[in-house]
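All remarks here apply to the structure that follows.
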Amino acid sequence: MNRFFSPLPLGQETGLTLIRIIVGIAMIYHGWEVFDTKTMNSYLEWDMFKNSSFSKFMIYSGKGAELVGGIFLLFGLFRNGRGTRRSRKFLGDGTGRTATANPGFLGPG
C-alpha cells in the first residue's frame with residue numbers, strides 16, 4: 001500500500017512495453033498489405049495518387065516503411081539506446097517523405 005501512494009511510477013515499464021508491442025503489431029498488420037497486389041492496386045485509384053508520376057513508388061515505400069517500422073517497434077529497436085536515432089530516422093524518412101511528396105496529399109491550400 002505504501003508503494004501505491006509513493007511518487008514512483010507503478011508499472012511504467014510494463015505499460016510502455018505493452019503499448020510498444022500493440023502498436024508494433026498494428027503497424028505490421030497494416031504494412032503486410034505490401035504483399036497483397038489487389039489492395040495495393042486499389043490505393044492507386046485514390047485521387048491523391050492518380051496524377052502523380054511516381055505513385056506506385058510512394059505507396060510501396062510507405063507500406064514498406066510501415067512494415068519495417070512495426071517490426072522495429074515489436075522487437076524494441078525504438079527504445080533508448082544506440083539504434084534509436086537510426087530506426088526513428090528510417091521510419092520518419094519512409095513515411096514522412098511519402099506523405100509530403102504529393103502536394104495535394106493534405107488537401108487544397
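Each residue in region 25-36 was checked for being closer than 20 Å to PHE75 by Cβ and either of a type in the set (Asp, Glu) or modelled with pLDDT under 90 (or both), and 1 of them qualify.
Checking each residue in region 40-77 for being surrounded by fewer than 13 Cβ atoms within 10 Å (Cβ to Cβ), part of a helix (DSSP H, G or I) and either of a type outside the set (Gly, Ala, Ser) or in contact with a helix residue (DSSP H, G or I) (Cβ under 9 Å, 6 or more places away or on another chain) (or both) picks out ASN41, ASP47, LYS50, PHE57.
Each row is one residue, and each column tells you yes or no for (1) under 16 Å from LEU74 (Cβ atoms); (2) surrounded by 11 or more Cβ atoms within 10 Å (Cβ to Cβ); (3) at pLDDT 85 or above.
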residue	(1), (2), (3)
SER6	no, no, no
PRO9	no, no, no
VAL23	yes, yes, yes
LYS38	no, no, yes
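Candidates are the residues of region 18-42 that are free of Cβ contacts under 8 Å to residues at least 24 places away in the same chain and within 16 Å of ILE71 (Cα to Cα); the one that is nearest to the chain's Cα centre (by Cα) is ILE22.
The values are calculated or read from the model by the stated rules, or taken from the named source; none is laboratory data. What you see is a predicted model; the values in this text were computed from it and never measured. Cβ coordinates were reconstructed from backbone atoms using ideal geometry, including for glycine residues, and neighbour counts include every protein chain displayed.
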